Amino acid sequence: VALRPLGCPVLPPRLGWPVACAALGHSRRLSAEASASGGAVLGDKNVDVALAGVADDSAMGEEVRQVAEPSVYRRNFQEHQRVFKWGIGNRFRMQPQNRYTPVHHARPKETMVRNDYFESENPNVVWEELNEQWEVFWYENHKLNARPFPVKKFGVELAKKEANNFYNELSAKGRLHQKTTVESPQPGVFFDNRMQDWVAFIWKDGRPQSRAYSANKFGLDGAKVLALAKQHDPVNGVLPRRRGPYAPLLLRRKDA
């Protein structure tokens, strides 16, 4: 490796130090000869070419040196300290065979997070505080579905990024649907979204009662018809099942 001699200009790596120093020495020698001759103008155009080339290369070298100087990275957003109780994952922990075990053990870890990290512009992508995870909600097949993206698996920033990417994938595939609304046909008959059944309020044996018919068993429309029939005739509106733990004892037949 050739060392740069004293007095040699700072040049980019494309020019070697011997070549640069030789050109500079040649130009200085010609300048000295011109001064000794009483300021006579030399006819040799190589002097001007050498001096112009050295000046251009020196300016380029200064730019390269300024670019090469290291810069200090400083964050330009507001942040605060946060302790994640269940730990912070990474791409290594994302692999199923590298997950934390046992998963229910607390692994508190402190880090810095942005002040707006827990805010989401998408109402279907929300932060779940208990399990420290981002959760995506969407309606599909007339049901509410959810998928978590925990910080202990993906990491702080990647968990939020993966949650938004997953929602965008659902939107691109056309899997996002509106919430199914079931209207009540008449007072006293309504659909229970939590239990997924039709409920009918009736008056029987001198007191109010209720009967529920599962939509998973009878179908959405079938359970609705049974609830309406039961409200219209609480005694004989719907025949009881012949077999089963809820059928009357007198109506159970083992030979049926």
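Values as computed for the structure displayed
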quantity: Three-way shape call for the stretch 93-150 based on the alpha-carbon gyration tensor, with the a/c threshold at 1.5; calculated: oblate
quantity: Kirkwood Rh in Å, taken over the stretch 167-244 so that all alpha-carbon pairs contribute; calculated: 14.2
quantity: The stretch 116-210, relative contact order in percent, only Cα pairs under 8 angstrom and at least six apart counted; calculated: 17
quantity: 3J(HN,Hα) from dihedral phi, the stretch 169-178, Karplus parametrisation 6.51/-1.76/1.60, rounded to Hz, x for glycine, proline; calculated: 5, 4, 5, 5, 7, x, 9, 8, 10, 7
quantity: Potential lengthening between Asp116 and Lys179 on full extension [0.36 nm per residue; Cα-Cα distance subtracted]; calculated: 19.8 nm
quantity: Under-5 Å amide H pairs with His177, H placed in peptide plane, nonlocal only; calculated: Tyr139
quantity: Probe 1.4 Å - accessible area at Glu169, Å² to nearest ten; calculated: 100
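The values are calculated or read from the model by the stated rules, or taken from the named source; none is laboratory data. None of these values were measured; they are calculated from a predicted model. For accessibility, only protein heavy atoms count, side chains too; no ligands or nucleic acids. Shrake-Rupley method; radii C 1.70, N 1.55, O 1.52, S 1.80 Å.
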